[in-house]
Structure formats: structure tokens, C-alpha cells
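K.L.:
Have a look at this one.
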Amino acid sequence: MTDAQYQAALAAYGQGRDDEGGHLLRQAAQGGHAPAMAMLGYQMLSGRGAPLDRVAGVRMTVAAADKGDPAACTFGAALVAAGVFGAPDWSRAVDYLRQGAEGGVPLARAQLRLLAGQASDDWPGLCRAIDIESWRAAPEPKVLSPDPSVRAFAGVASPAVCDWIIARARERLAPARVYGVAGDKAFHAGRSNSALELGLADLDLVVLALRERLAVLAGLPVMNLNAPQVLHYAVGQSFEPHVDFFDPAIPAEAMNIAQVGQRAATALVYLNDEGLEGGETDFPLLGLRHRGRRGDALVFVNLDSAGQPDRRTVHAGLPPIRGEKWLLSQWIRDGALRL
């Protein structure tokens, strides 16, 4: 019965009868049909096709993964590696990804190959080759400013990982927004680039492994990391001078600090450099401009030694003169974040 409901839901969606499709999908999922559970879980995680409900979406996805559904295993791998309900569990995450790969999910297979650094179809062998501790290794920094701390790191992400992140975001970019005084995210004349936030429905183990490394570079726990953003700048696009910390003097920002903590640090990963001119990260009060090569990272602290906002960290994303600029932007809070 549940399989018939699931097939009917797919047919309804295909014919544009989304309300009927959603009703049938929920019935099949409630009956324990694993593919229906996986699809509904993704809809709730993304807010696409069903109302956004992250808690229910995580539970539905993980339940479907535990039933062995390959798609749910692929998405569930990222959820358990991110530690949405507790400490990150990389062993379980990699095993989920193996099940997704063995079930024929291209996204799972590509992740295993990237994480293991091998072009193989031996999925268990690739799992054994993955060494998450190696992703937590930190290259030596180049200190660009001791106070406030601005440090550059070479070779944080491989070219393959950089290309992976760009490919995941390229077709889904939207005009970037800024955090407004009312607590909303709004368009602003001072920011003309585009962006994609990688929410729970968009994360994968490759991005999460890179976040493990960024946490080490910043000297803060990985559970303090916000959802990362992929940023794109075309020629002439920029982000005018701004700060990343929240201003406790602004009520909406003070409320954000109280709820989820202050943005203590920022990490940027430069995802491309070929054909690019301009596009530096500029710290006007420090007399510092920097642009890393592909795979390099820049990590700076937004707070002073007393834990207060440091206005010397004002910075800008300068426009490319030629080519396009891609970055992974990662804010890091001063406390752990939870779903």
C-alpha cells in the first residue's frame, strides 16, 4: 500500500498536482516507506515541497537511513557528521555514505572518492582510506596582523575540493543579503555579489571535513561554526567595508548574540585564482589587502582580547577587475550551535 502511495505521489508531482503529491507522500512516509521518508525528510530540511521543519526533517531522514534507503543514507551522513543531535559521529557518517554509494547514489560515490583521494569503485576500501584526523591537520600560519589577529594559511583545500564546492553552488546562487537592523536579511546597496548558504539540506561530508580544518585554524570547536556560505563576485561586484561581529548596541543584534552567540572569528577559503585580477580582501584600518591562491584560507578574529567587538576588523570584498572570484565564507561563534 505505501509503495503505491509513493508512486502515486511521484506521479502527482510530475503532473504539477503538488498538494495531492504532498498528501500521498506524507501517508507513505507515515506508513514507514523508506524512499517516501527520505523524500519527505529532505523536503522538510530544505523547505522545498513542505514547510520547513528541521527537527522533524532530521529525524525522518535518519530514520529512513536506518532502514537502508540510499538517498537518505547520503543526506543522513552529513547530518550525523555535523552533530545535529549531539557530538559529530564520523564513523557512522562514513558508513551511511558507503550505503548510499553501494545503492548507486552519484553524490555519495563522488564524496567517498574525494574524501579518500582515490578514483575507485571499491566503496568499503574508500571508507577505510578516509582519515578524518588528517583533515584536522593545520598548516603553519603566516601572520598578516598580530593584533587584531589576521592569519593566512596555504593549501587548506585541494583543487578538487575547491572545484567541488563551486560546482555545488554555481547553479543556485542568489543576490547576497546583509543582516539588517531589524534582525532580517535584506538586500543592501553596499553588497552586489551573489551567495548560497549551505543549510542542513545542502551540506555534504566534503564541506564538513573542510569545516573541521577551519575550526582547528581558528582554534574554536567545530560545533561553533555557522552554516557556511559560498560567495561569488563577477567583475565589478563588491561588498563594501563592513564588520562581521554583531553590535550589542543594536537590539536585534544583541538578541542574536544572546540566542546563538557572537561571531568571534571569520574564515575565508579562496576557491579559485586562475584568470582573476583584483578581488582582494581589504582591511582599510590595518593597511592590509590579501588574496590567497586557490585552496588558501584567511582567518581573522572579530573580537578584542576582552571579547568585545573590535572595530579595527572592518573589511571589504574588493571587486574583481578581470575574471570571477569564488570564496567559502565561514563565521565561527563564541559558543556551540544546535539545531
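The values are calculated or read from the model by the stated rules, or taken from the named source; none is laboratory data. Computed from a predicted structure; not experimentally measured. FYI the Cβ positions are ideal-geometry reconstructions off the backbone, even for glycines, and counts take in every protein chain you see. The area values use the complete protein model at the heavy-atom level, side chains included, leaving out ligands, DNA and RNA. Shrake-Rupley method; radii C 1.70, N 1.55, O 1.52, S 1.80 Å.
K.L.:
Once each part is reduced to its C-alpha centroid, what is the distance from segment 199-276 to segment 53-72 in angstrom?
P.N.:
Distance between centres, Cα-based: 27 Å.
K.L.:
Shifting gears a bit: Suppose every K and R has +1 on its Cβ and every D and E has -1 on its Cβ; what is the size of the dipole of segment 1-62 about the Cα centre, in Debye to the nearest 20?
P.N.:
Working: 5 positive and 5 negative charges, 40 e Å.
It comes to approximately 200 debye.
K.L.:
Another question about this same structure. Measuring with a 1.4 Å probe in the full set of protein chains, what accessible area per residue, in whole Å², belongs to the chain?
P.N.:
Numbers: 14960 Å² over 339 residues.
With the other protein chains kept in place, the chain gives 44 Å² per residue.
K.L.:
Over the chain, calculate the relative contact order: mean separation of alpha carbon pairs under 8 Å at least 6 apart, over the residue count, as a percent. Walk me through the numbers on the way to the answer.
P.N.:
Details: 701 pairs, mean separation 52.5, N = 339.
Relative contact order here is 15 percent.
K.L.:
As I understand it, the dipole of the chain uses +1 on the Cβ of Lys and Arg and -1 on the Cβ of Asp and Glu, about the Cα centre. Which of A264, G86, G317 lies farthest toward its positive end?
P.N.:
Working it through, the farthest residue towards the positive pole turns out to be G317.
K.L.:
Carbon and sulfur together cover what percent of the accessible area of segment 73-132 at a 1.4 Å probe radius? Spell out each step's value before the answer.
P.N.:
On the way: 1200 of 2440 Å².
Of all accessible area on segment 73-132, carbon and sulfur atoms account for 49 percent.
K.L.:
In debye to the nearest 20, how big a dipole does segment 227-337 give about its Cα centre with +1 on each Lys and Arg Cβ and -1 on each Asp and Glu Cβ?
P.N.:
Working: 10 positive and 14 negative charges, 26 e Å.
Computed charge dipole of segment 227-337: roughly 120 debye.
K.L.:
Could you tell me how far the Cα centroid of segment 278-320 sits from the Cα centroid of segment 90-153, in Å?
P.N.:
First find each Cα centre; the distance between them is then 27 Å.
K.L.:
Can you give the extra length, in nm with one decimal, that the chain gains between E274 and R17 once fully stretched, where that is 0.36 nm per residue apart less the Cα-Cα distance? Intermediate results must be reported in sequence, preceding the final value.
P.N.:
Numbers: separation 257, 0.36 × 257 = 92.52 nm, distance 4.57 nm.
Separation in residues times 0.36 nm, less the Cα-Cα distance, equals 88.0 nm.
K.L.:
Run the numbers for M255 and D3: contour at 0.36 nm per residue of separation, minus the present Cα-Cα distance, in nm. Mind showing how you got there, number by number?
P.N.:
On the way: separation 252, 0.36 × 252 = 90.72 nm, distance 4.64 nm.
Full extension from M255 to D3 adds 86.1 nm.
K.L.:
Using only the alpha carbons, work out the radius of gyration and Dmax of segment 1-121 in angstrom.
P.N.:
Expressed in Å, the Cα Rg and Dmax of segment 1-121 come to 14.8, 44.
K.L.:
State the percent of C-alpha pairs, over all pairs in segment 192-339, separated by a distance greater than 24 angstrom.
P.N.:
On the way: 3465 of 10878 pairs.
Tail of the P(r) past 24 Å holds 32 percent of the pairs.
K.L.:
Using only the alpha carbons of segment 142-181, what is the convex hull's orientation-averaged projected area in square nanometres?
P.N.:
Details: hull surface 20.6 nm².
Directional mean of the projected Cα hull area for segment 142-181 stands at 5.2 nm².
K.L.:
Using all Cα-Cα distances in segment 198-248, what percent lands in each 5 angstrom bin from 0 up to the longest?
P.N.:
4, 14, 20, 20, 19, 17, 6, 0
K.L.:
Determine the principal axes of the Cα atoms in segment 1-63, then give the extent along each, sorted from largest to smallest and rounded to whole angstroms.
P.N.:
Between the extreme Cα coordinates on each principal axis of segment 1-63 lie 28, 22, 12 Å.
K.L.:
Now for a separate question. Give the angle, between 0 and 90 degrees and rounded to the nearest 10, that separates the Cα long axis of helix 205-218 from the longest principal axis of the Cα atoms of the chain.
P.N.:
Relative to the chain, helix 205-218 is tipped by roughly 30 degrees.
K.L.:
A further question follows. Relative to the longest principal Cα axis of the chain, at what angle does helix 34-46 sit, 0 to 90 degrees, rounded to 10?
P.N.:
Its long axis makes an angle of about 30 degrees.
K.L.:
Write out the GluC sites (Glu not before Pro) in segment 252-305 meeting two conditions: DSSP loop, and at most 13 other Cβ atoms within 10 Å of their Cβ.
P.N.:
Answer in residue order: E274.
K.L.:
Give me the Debye-computed log₁₀ of I(q)/I(0) at q = 0.20 Å⁻¹ for segment 136-254, equal point scatterers on Cα only, no solvent, two decimals.
P.N.:
For segment 136-254 at q = 0.20 Å⁻¹, log10 I(q)/I(0) is -1.44.
K.L.:
Further question on the same structure: Say each of A119 and H242 gets a label point 7 Å from the Cα, pointing the same way as Cα to Cβ; how far apart are those two points in nm?
P.N.:
Result: 4.0 nm between the two label points.
K.L.:
If I take the Cα coordinates of the chain and project them onto the principal axes, what are the three extents in Å, biggest first?
P.N.:
Result for the chain: principal-axis Cα extents of 67, 46, 40 Å.
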